[in-house]
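Take a look at the structure set out below.
Rule-based calculations on the coordinates, nothing more; no lab input. Bear in mind the structure is a predicted one, so any value in this text is a computation, not a measurement. Here the Cβ is made from the backbone with ideal geometry for all residues, glycine too, and neighbour counts use every protein chain on show.
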Amino acid sequence: MKPRLIFLVGQTAVGKTDVAVELARKLNAEIISCDSMQIYRGMDIISSKPPKTFRKKVAHHLIDIVSPSREYNVSKYRKETLRAIKDILSRGKAPLLVGGTGLYMSILIDGIFDLKAKDEAIRKSLFRIAEERGNQFLHKKLQSVDQVAAEKIHPNDTKRIVRALEVFEATGKPISELQKQRKGLSDAFDIRIFCINMEKDALNKRIDMRVKRMFRQGLVKEVKNLLRNKLSRTALYAIGIRELKGYFEKAYDLEEEKLQLKRNTRLYAKRQLTWFRKDKRIKWIRVSDKDKPKRIADLIWKELS
């Protein structure tokens, strides 16, 4: 029988962290973060990392592994995660992957596009065009050469738009076609994916509460410390960095910054839901704002039993 690999995913603020700890206890599991921002050291509040008390109860992996000034990509994440999965299984434990980064989940299950089609000159030129003419211009260009890839990549995701165009210009072939050659973990593991889903208004209230809590915990100080150094392109995408940067530059006051952060977090949650809805392998766990983490973990446990 194939070893089982369980994913617990969902939108930001839906309650994955609390449910994961309860579920991990039932499964005799260790948690692997599936979050593109929790990998960075010093980004505790802005990425809503699991509290250290949780990490003492259940072992967590792929958290605080790299400086926010260093570039990090899906290839590095995949290698680190495969190593963690192997280690966890060797000790008789179950790997439980938890997070909201759909791309990270996808490259693990379906494989990674590992074509060595890299051209520094093309990449620099494309990033320069993005700065001068905007992401929308590049995204429209991608639509003209690879409609499939353009539908999957958000117009504001400069890094992935540039990569898709770089591959096309370097090889003459759409990245969506070349990606079909990839292989993932679905051949070697029994993959189970659970997505916690909450009614929109209830989730938005949770997002508002989270933003308020982040400011109480010291978000302003954390971001100010982060901006003392040059951040990697990926780290700069963390919601809160650009918003607070505008506040520091006196473009708007703190109350306006809070509204922007709430609005942008809601938009991010919407994009997450759109991504997960496209994956037909997902088992949806419908919950209300009143459901306790233990009850949600019990629901998932019954599905696995």
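For the stretch 120-181, a Kirkwood radius taken over Cα pairs fed into Stokes-Einstein (4 °C, viscosity 1.567 mPa s) yields D = 114 µm²/s. Using only the Cα atoms of the chain, each taken as one equal point scatterer with no solvent, compute I(q) by the Debye sum, divide by I(0), and report log10 of the ratio at q = 0.10, 0.13, 0.15, 0.16 Å⁻¹. Log10 I(q)/I(0), no solvent term: -0.59, -1.02, -1.35, -1.51. Within the same chain, aspartates and glutamates fewer than 8 places from Lys118 are excluded, and of the rest, those with a Cα less than 19 Å from its Cα are Glu71, Asp146, Asp157, Glu166, Glu169, Glu177. Over 28 Å between Cα atoms: which of Lys26/Lys262; Lys152/Lys283; Lys49/Lys93; Lys280/Lys302; Lys2/Lys278; Lys159/Lys224 fall into that group? Violating the 28 Å Cα-Cα cut-off are Lys26/Lys262.
Among the chymotrypsin sites (Phe, Trp or Tyr not before Pro) in the stretch 201-305, none is located in a DSSP loop while being surrounded by at most 11 other Cβ atoms within 10 Å of its own Cβ. Over the chain, dividing the summed -39,500 (n - 2.57) contributions of all DSSP H runs of at least 4 residues by the number of residues returns a 222 nm mean residue ellipticity of -16500 deg cm²/dmol. In order along the stretch 269-277, the Karplus-derived 3J(HN,Hα) couplings, from 6.51 cos²θ - 1.76 cosθ + 1.60 at θ = phi - 60°, round to 4, 5, 5, 4, 4, 4, 4, 5, 5 Hz, and Gly and Pro are given as x.
Straight-line reach from Lys250: taking Cα to Cα under 20 Å and skipping same-chain neighbours fewer than 8 places apart, the aspartates and glutamates in range are Glu222. As a rough footprinting exposure proxy, the listed residues His60, His154 were ranked by other beta carbons within 10 Å of their own, and the order from fewest upward is His154, His60. Of all aspartates and glutamates in the structure, the ones whose alpha carbon falls short of 20 Å from that of Lys292, not counting any fewer than 8 places away in one chain, are Asp18, Glu22, Glu199, Asp201, Asp208, Glu303.
From least to most packed, judged by other beta carbons within 10 angstrom and beginning with the fewest, Val287, Val58, Val21 follow the order Val58, Val287, Val21.
Grab the beta carbon distance between Asn156 and Lys200, set R0 = 25 Å, and tell me the FRET efficiency rounded to 0.05.
Result of the calculation: an efficiency of 0.75.
Loop-located trypsin sites (Lys or Arg not before Pro) across the stretch 200-279 with a Cβ neighbour count of 16 or fewer within 10 Å are Arg228, Lys230, Lys250, Lys278, with loop assigned by DSSP.
Of Asn229, Ala188, Ala170, which is farthest towards the positive pole of the stretch 159-229's charge dipole, taken about the Cα centre with +1 and -1 on the beta-carbons of Lys, Arg and Asp, Glu respectively? Result: Asn229, furthest along the dipole toward the positive end. The charge dipole of the chain, taken about the Cα centre with unit charges on the Cβ atoms of Lys, Arg (+1) and Asp, Glu (-1), comes to about 660 debye, rounded to the nearest 20. Checking every one of the chymotrypsin sites (Phe, Trp or Tyr not before Pro) in the stretch 1-60 against DSSP loop status and a limit of 14 other Cβ atoms within 10 Å picks out no site at all. Multiplying the residue separation of Arg128 and Asp279 by 0.36 nm and removing their Cα-Cα distance gives an extension gain of 51.0 nm. Since only Val220, Ile85, Trp275 are under comparison, the one whose Cα sits farthest along the positive direction of the charge dipole of the chain, derived from C-beta charges on Lys, Arg, Asp and Glu, is Ile85.
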